[in-house]
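In what follows, a structure is listed as structure tokens, so that the remarks can point back to it.
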Amino acid sequence: MTTDRAIAAYLGLAIGDALGATVEFMTPREIAAQYGVHDKMIGGGWLHLKPGQVTDDTTMSLALGESILKQGRVDALAAAQAFDAWMRAKPVDIGNTVRRNLLQFRKTGNPEALYSDHDAGNGAAMRVLPVALATFGQTEEAVRAACRAQAHVTHYSTLSDAACECLAFMVQDALRGASKNDLLHKHAHPLAAQHPEFRFRAVRQSRNPSGYVVDTLQAVFQSFFDTDDFRDCLIDVVNRGGDADTTGAIAGILAGAVYGLEAIPEAWLKALDTNIRRSCEGQAWALIKLAGKS
């Protein structure tokens, strides 16, 4: 059960990424005019992707996961080196904050970026899944430390940290069989209580969400908690437009972890890039196995 949900979360990440990339940076009105309801993995978008091709959300996660498996734990320097190698390989997309702080890492060798409230983008939250899987069963303090170790390579910000930690704990509880309602009251509401910026109830529906981690989580939570299955969750969130590959990826993680493999539409699985699908499945299994040894 746990391994199946971990695999579903990783596949959900990639599927949400690939589905959302088509409409990234579009407004809901533009999406409706061009696609009606965007619900097929057709590629295209501003990156001119092939159907089923993913972006930095998935490939950075896989790079991080590989570094964790090689080290046997989450390690900031190993993560920074993995991200640097990923950037040198010329990924299809890379965020400005990620690029800037990885270039700084090349100069200094320090895997921790300088603290900045302005670095509260979603670039660390989108890749937190491998940490959640590798630290499954560890103490809350250990999970928080691991989340921050990978996040601070590129995003050292209070709001980014809060988002990463919340998502990691949500995934881990979902792997244990927690319901969506459990996740709402145990994690999403407390996050908003501690950091009111993240309030997503009784606020305007998040349309065209930006790369700001608060916008991202508001959109993800609204879609995740107001739909009843994997497919509807992802369609709802990506049709909000904006940073749709990342909102799709994070929503896919949560929906996959909660609803499981059987809930993922076969058409989306078949359309996903074959090598990416295999990498996600294999890494999810290996990270959960690693967690069992800790």
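Quick look at the values:
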quantity	calculated
Residues (part of a helix (DSSP H, G or I) and closer than 17 Å to ARG277 by Cβ) located in segment 21-47	ALA21
Evaluation of PRO196 against (1) crowded, with 18+ Cβ neighbours inside 10 Å; (2) free of Cβ contacts under 8 Å to residues at least 60 places away in the same chain (one fails), failing number	(1)
Test result for LEU175, touching a Phe, Trp or Tyr at 6+ places or on another chain (Cβ under 7 Å), more than 23 Å from ASN96 (Cβ to Cβ) and modelled with pLDDT of 95 or more	yes
Count - residues of segment 121-148 that are assigned to a loop (DSSP other than H, G, I, E, B), touching a Cys at 6+ places or on another chain (Cβ under 7 Å) and of a type outside the set (Val, Ile, Thr)	1
Residue, nearest to THR3 (Cα to Cα), within segment 174-183, restricted to residues that are of a type outside the set (Gly, Ala, Ser) and surrounded by fewer than 18 Cβ atoms within 10 Å (Cβ to Cβ)	ARG176
Close pairs (8 angstrom Cβ cut-off, 6 or more residues apart or separate chains): over 22 Å from ALA9 (Cβ atoms) in segment 42-61, assigned to a loop (DSSP other than H, G, I, E, B) and of a type in the set (Asp, Glu) anywhere	GLY45/GLU24; TRP46/GLU24; LEU47/GLU24; LEU47/ASP93; LYS50/ASP273
Subset tally (residues that are at pLDDT below 95 and of a type in the set (Lys, Arg)) for segment 91-108	0
Identity of the residue in segment 153-167, surrounded by fewer than 24 Cβ atoms within 10 Å (Cβ to Cβ) and touching a residue at least 40 places away in the same chain (Cβ under 8 Å), that ends up nearest to LEU69 (Cα to Cα)	TYR156
Yes/no for ASP117 being in contact (Cβ under 8 Å) with a residue 24 or more places away in the chain, surrounded by fewer than 20 Cβ atoms within 10 Å (Cβ to Cβ) and touching a helix residue (DSSP H, G or I) at 6+ places or on another chain (Cβ under 8 Å)	yes
Any hit, segment 218-229, residues being surrounded by fewer than 18 Cβ atoms within 10 Å (Cβ to Cβ) and out of contact with any helix residue (DSSP H, G or I) (no Cβ under 8 Å at 6 or more places or on another chain)	yes
Residue within segment 28-36 that is of a type outside the set (A, V, I, L, M), surrounded by fewer than 19 Cβ atoms within 10 Å (Cβ to Cβ) and within 25 Å of ALA120 (Cα to Cα) present	yes
Residue ID - surrounded by the fewest Cβ atoms within 10 Å (Cβ to Cβ), chosen from residues in segment 53-73 that are more than 17 Å from the chain's Cα centre (by Cα) and in a loop (DSSP other than H, G, I, E, B)	GLY72
Residues being among the small types (Gly, Ala, Ser), out of contact with any Ser or Thr (no Cβ under 7 Å at 6 or more places or on another chain) and more than 22 Å from ASP4 (Cα to Cα) - total across segment 127-148	1
Residues that are within 21 Å of ASP173 (Cα to Cα), of a type in the set (D, E, K, R) and either touching a Phe, Trp or Tyr at 6+ places or on another chain (Cβ under 9 Å) or crowded, with 17+ Cβ neighbours inside 10 Å (or both), drawn from segment 241-286	GLU281
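The values are calculated or read from the model by the stated rules, or taken from the named source; none is laboratory data. Only a predicted model underlies this, so the values are computations on that prediction, with no experimental measurement involved. Glycine gets a Cβ as well: all are built from the backbone with ideal geometry, and neighbour counts include every protein chain shown.
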